[in-house]
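S.K.: Pasting a structure below so you can have a look.
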Amino acid sequence: MAGAWAGWVLDDARPVAVLAADLPAGHVLTASDVRPVEMGEVEGVRMLSPQQVQGQVLTRPTLAGSPLVAGSVGDRVVWPDLGRAVVAVPVSTVPHGLEAGATVDVVTPTGGDGDADASLGAVTGSVHRVLPTEDTLGTGERVVEVVMSRDQATYVSRAVADGPAQLLVLNPHEDVRAATVVGGGE
């Protein structure tokens, strides 16, 4: 990510706070969390200095190498966005190379109401993180945190009570549907 920002270095560069590691929303920043990188001003973007961010709270999850800008820090967490939720989805198999930010369809074992005869449901979401193997549920399942609408998160939470879900990794350029699909309807 830092390489993407390297083009912003200009003659009038100044120190900008860049994250040294991936950090979650709500993390209170310290001097060891950021490193100064010389960058030029970008029109419409207010980049912050390392001194400005100390003691501030990350408003959303942020990747290492990201420059901190106004809105990425504050006095409280503003993530997930209104109407969105993060749901921990137990899965028996994690697709190879699955990473944060991937768009996935979560396919649940039932229709979400415990009825095994219900049609399979699929909910589209964005992967927040894939928990490491040692964070399993003790059942051989892995957990993937997925961001989706609040209503869909409720649906998925109920549906996975009947067993692990499957994840389908979608092409990021595909125009995905935001609605839950149940029983073949849209």
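S.K.: Does Val127 satisfy the criteria of being modelled with pLDDT of 85 or more, within 26 Å of Ala25 (Cα to Cα), of a type in the set (A, V, I, L, M) and in contact with a helix residue (DSSP H, G or I) (Cβ under 8 Å, 6 or more places away or on another chain)?
M.R.: No; evaluated as a whole, the condition is false for this residue.
S.K.: Give the stretch 43-76 a look and list any residue that's hydrophobic (A, V, I, L, M, F, W, C) and either in contact with a His (Cβ under 7 Å, 6 or more places away or on another chain) or open to solvent by less than 60 Å² (accessible area, probe 1.4 Å) (or both), or say none.
M.R.: Matches in the stretch 43-76: Val45, Met47, Leu48, Val53, Val57, Leu58, Ala64, Leu68, Val69, Ala70, Val73.
S.K.: Next question, about the same structure. Of all residues in the stretch 27-42, which are within 17 Å of Thr59 (Cβ to Cβ) and surrounded by fewer than 16 Cβ atoms within 10 Å (Cβ to Cβ)?
M.R.: Scanning the stretch 27-42 gives Val28, Thr30.
S.K.: Which ones in the stretch 130-148 are at pLDDT 65 or above and either open to solvent by less than 30 Å² (accessible area, probe 1.4 Å) or of a type in the set (D, E, K, R) (or both)?
M.R.: Within the stretch 130-148, Leu131, Glu141, Arg142, Val143, Val144, Glu145, Val146, Val147, Met148 meet the criteria.
S.K.: To continue, here is another question. If you go through the stretch 87-106, how many residues are of a type in the set (A, V, I, L, M, F, W, C), buried (at least 18 other Cβ atoms within 10 Å of the Cβ) and under 22 Å from Arg158 (Cβ atoms)?
M.R.: 5
S.K.: If Val181 satisfies all but one of (1) modelled with pLDDT of 60 or more; (2) surrounded by 14 or more Cβ atoms within 10 Å (Cβ to Cβ), what's the number of the condition it fails?
M.R.: (1)
The values are calculated or read from the model by the stated rules, or taken from the named source; none is laboratory data. Quantities reported herein were computed from a predicted structural model and do not represent experimental measurements. Ideal geometry is used to build each Cβ from the backbone, glycine not excepted, and the neighbour counts take in all protein chains shown. Each accessible area value is taken on the protein alone, full model and side chains, heavy atoms only, with ligands, DNA and RNA left out. Shrake-Rupley method; radii C 1.70, N 1.55, O 1.52, S 1.80 Å.
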